[in-house]
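The structure appears below as structure tokens.
Bear in mind that the values in this text are calculations on the coordinates, not laboratory data. Bear in mind the structure is a predicted one, so any value in this text is a computation, not a measurement. Counting neighbours? That spans all protein chains shown, and the Cβs are built from the backbone with ideal geometry, glycine included.
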Amino acid sequence: MAAASAFSSVRPAAQSESGSGSVCARYPLSISLLLVRGAPAGLSFAVDAGLQAALSWKKAGRPPEFRAAFFCHVENAAISDRIRGRLSRIVRRVKQGVKMNESKQSAYAKRFNKVLDYIERHLDDPLSVAQLCQVAHFSKFHFHRQFADYIGINVARYIVLLRLKQASYRIAFDPKVKIVDIALNAGFETPESFARAFRHSFGQSPSEFRKNPDWSRWHAVYQFRLPERNTVVNVDLVDFETTRIAVKEHRGPVEQLNAAIGCFIEWRKETGLSPKDSRRTFGIVYDNPDTTEPSLFRFDIAGEIRETIPDNAYGIIEKNIPGGRCARVRHLGSHSRIAESIYPLYRDWLPASGEELRDYPLFFHYLNLLPATPEAELVTDIYLPLA
């Protein structure tokens, strides 16, 4: 809509010459931005063809490619120089409007990211709406509505869920800690209020979750509409030495990955063969969960070892991470947002580097771990094996 203000003589799009089923007819707003009063018929045809060429991109959920395909087609359409000149001027103005709109959206997302980062870093502190509004200069009169519209839930519920998330990790992975202590550390006034909030969110009491966590339901709770951070990654080229590892293989939906992690933690504590305080912890990523059929997703949770792994009831086996050159990027913060540090590595750095990839998957080195470390303070090194 920002682009519409650039036109003083825009007219509503009428039925296009290409027939009743044309894209012009079905996308009148898009056409109204490109048809000016008195434009020759060839211009309408060019626009209609451009939309036809671009629709497949839009249906695939890729708006940047949709715009690029549209502009490319109409600028190169077989039309006269006079029509092309007018079309080029219109397209330039539309592009300027698109860029201005995207710039405003980016600035808005940055402000919300400041708020989200502040919440994550201060979960153990009292948090008020007035504080959060000051962080990114939002009006306190509209902040509740803005937050709910942007993230999908209200700010108070969001804070409660993040506190419950940290508490749930401690319940599942640190069984020696009493639930009452976890409840009080999570900022709840009483264990009873904590238990009610926990059951309301996850459908299980804290005690039931400790015995048999329903990770699929838990995972579904945390599907927020978080704004993507435009992360600038710093890449180091390093030599990684061959490392023996004990592995718990996960095969299946990513929602069940925490169950494999819990199993690995139990084995680690019981055997002492890969103590977390003196041996490194790794994750080996065979597949992208965003593009892989859930049942086919593969991930290994692993710990460094120096002794042979005996047969065991946990399904822990021995593997090696092969040595070689790697590109290394450090990710700061929640593991759930680690893709924001991975995508720039593949999308931006790799094509410009001239490097080739080795036949081994991406892997993580977790420098600190949940639940002992708050999510906002997690540090993870990402390794991309190079030829």
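Fewest-first ordering of H122, H142 by other beta carbons within 10 Å of each residue's beta carbon gives H142, H122. Are any of the pairs K165/K276; K114/K269; K110/K248; K211/K248; K110/K269 more than 30 Å apart by Cα-Cα distance, and if so, which? Going by Cα-Cα distance, K114/K269; K110/K248; K110/K269 fall outside the 30 Å limit. Ordered by the count of other Cβ atoms within 10 Å of each Cβ, fewest first, C326, C263 give C263, C326. Here the residues S205, S168, ranked from fewest to most Cβ neighbours within 10 Å of their Cβ, fall in the order S205, S168.
In this simple spin-label approximation, L237 and L357 carry label points 7 Å from Cα along the Cα→Cβ vector, and these lie 1.9 nm apart. A Förster distance of 41 Å, applied to the separation of the beta-carbon atoms of Y222 and T308, puts the FRET efficiency at 0.60. Shape summary of the stretch 122-226, radius of gyration then Dmax from alpha carbon positions: 14.9, 44 Å. For L386, what residues show an amide H to amide H distance below 5 Å, using hydrogens built from the backbone and excluding near sequence neighbours? It is R325, C326, A327, R358, by chain and number. A simple rule links phi to the HN-Hα coupling: the Karplus curve 6.51 cos²θ - 1.76 cosθ + 1.60 with θ = phi - 60°, which for the stretch 347-363 gives 6, 10, 5, 4, x, 7, 7, x, 7, 10, 8, 8, 7, 8, x, 4, 9 Hz, with x for Gly and Pro.
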